[in-house]
1. If you restrict to DSSP beta bridges whose two residues both lie in region 38-117, what percentage is antiparallel, to the nearest 5?
2. Give the separation of the Cα centroids, region 1-74 to region 96-126, in Å.
3. Could you give the dipole magnitude of region 36-75 about its Cα centre, charging the beta-carbon of Lys and Arg +1 and that of Asp and Glu -1, in debye to the nearest 20?
4. Hey, what number do you get for the chain at 222 nm if only DSSP H runs of n ≥ 4 count, each worth -39500 (n - 2.57), divided across all residues, to the nearest 500?
5. Note down the relative contact order for the chain as a percent, whole number, built from C-alpha pairs under 8 angstrom at least six residues apart.
6. For the chain, give the magnitude of the charge dipole about the Cα centre (Cβ charges: +1 Lys/Arg, -1 Asp/Glu; no others), in debye to the nearest 20.
7. Per residue, what volume in Å³ does the convex hull of the Cα atoms of the chain enclose?
8. Once the Cβ-Cβ distance between Ser75 and Asp41 is put in as r, and R0 is 25 Å, what FRET efficiency do you end up with, to the nearest 0.05?
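Quick note: the coordinates plus some simple rules give every number you see, no bench work behind them. Keep in mind that what you see is a predicted model, and the values were worked out from it rather than measured. Counting neighbours? That spans all protein chains shown, and the Cβs are built from the backbone with ideal geometry, glycine included.
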Amino acid sequence: MIDRPILDLAIKVAESSPSRKLVGALLLHKNKVVVQAVNLDTKTHPTQAKYAKRVGRKQKIYLHAEIAALVKCRSQCDTIIVVRLGGHGHDELRNAKPCPVCALALKEAGINNIVYSTDQGFTYQYKYP
């Protein structure tokens, strides 16, 4: 499983998001952080638009943290941690399960281990064997 300091870093990354939805993502390889990224609701990227179109959600062009991390990544990764913060103080964990757009991008990038925040803490999903 993921060490607590890495989960805490993922929370700090989400806190740094300039977007309305405070979402952050970490890409890891063998439990070492390779890339960190946040949602950017004022920027888009061709990769985001491509996957949005492929899943029938072409309006979802603004850069999600998961795809921003994939775009920045230049090495092999096996795990992603996605955190969303909400509540009045933006300090409560919320559901950050990747949307269909991001799920397809992660699948095609070979990211098989997905850890994401929920209202109850963190949950782990292994996908795409």
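1. Working: 5 of 9 bridges.
Here the share of antiparallel DSSP bridges comes out near 55 percent.
2. Their Cα centres are 11 Å away from one another.
3. On the way: 9 positive and 2 negative charges, 45 e Å.
Using Cβ point charges on Lys, Arg, Asp and Glu, region 36-75 gives about 220 debye.
4. On the way: 4 runs with 39 residues, N = 129.
Calculated from helices alone, the mean residue ellipticity at 222 nm is -9000 deg cm²/dmol.
5. Numbers: 281 pairs, mean separation 28.9, N = 129.
About 22 percent, as a whole number.
6. Details: 20 positive and 10 negative charges, 130 e Å.
For this selection, approximately 620 debye.
7. Values: hull volume 12.9 nm³, N = 129.
Cα convex hull per residue, to the nearest whole number: 100 Å³.
8. Approximately 0.40, to the nearest 0.05.
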